[in-house]
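Engineer: Take a look at the following structure, please.
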Amino acid sequence: TGVMSDVHVSEHLARIGILLDYSSGRLLFFNAERGLMLFAIRHKFTDAAYPAFALEKAGVLTLCTGMELPEFVKHS
């Protein structure tokens with residue numbers, strides 16, 4: 001539905017995690033090394049959802065799958 005948000009992170013992150021819980025309507029972006037939430041949104045998804053992020057400056061981006069969820073997500 002064109003839902004977009006800008007999130008400005010002041011620290012340099014080596015790993016960013018994304019958790020999409022479609023049925024609960026949660027999308028979380030988190031610092032995957034420290035297990036700290038960067039941004040969360042609640043939205044009633046009715047169509048396909050494609051969580052994405054972009055780098056503000058040129059850099060290297062490596063995508064990984066199958067990460068273990070951080071503790072703050074497991075208990076929320």
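Engineer: Figure the gain on full extension for S23 and L36 (residue separation times 0.36 nm, minus the Cα-Cα span) and round it to one decimal in nm. Before the final figure, lay out each step's value.
Structural biologist: On the way: separation 13, 0.36 × 13 = 4.68 nm, distance 2.26 nm.
That works out to 2.4 nm of additional length.
Engineer: Multiplying the sequence separation of R15 and A48 by 0.36 nm and subtracting their Cα-Cα distance, what value in nm do you get?
Structural biologist: Numbers: separation 33, 0.36 × 33 = 11.88 nm, distance 2.47 nm.
Stretched fully, the R15-A48 segment lengthens by 9.4 nm.
Engineer: Quick one: Cα convex hull volume of segment 9-56, Å³ per residue?
Structural biologist: Numbers: hull volume 3.9 nm³, N = 48.
Each residue corresponds to 82 Å³ of Cα convex hull volume.
No value in this document is a laboratory result; all are computed from the given coordinates. A quick note: this is a predicted structure, and the numbers were derived from the prediction, not measured.
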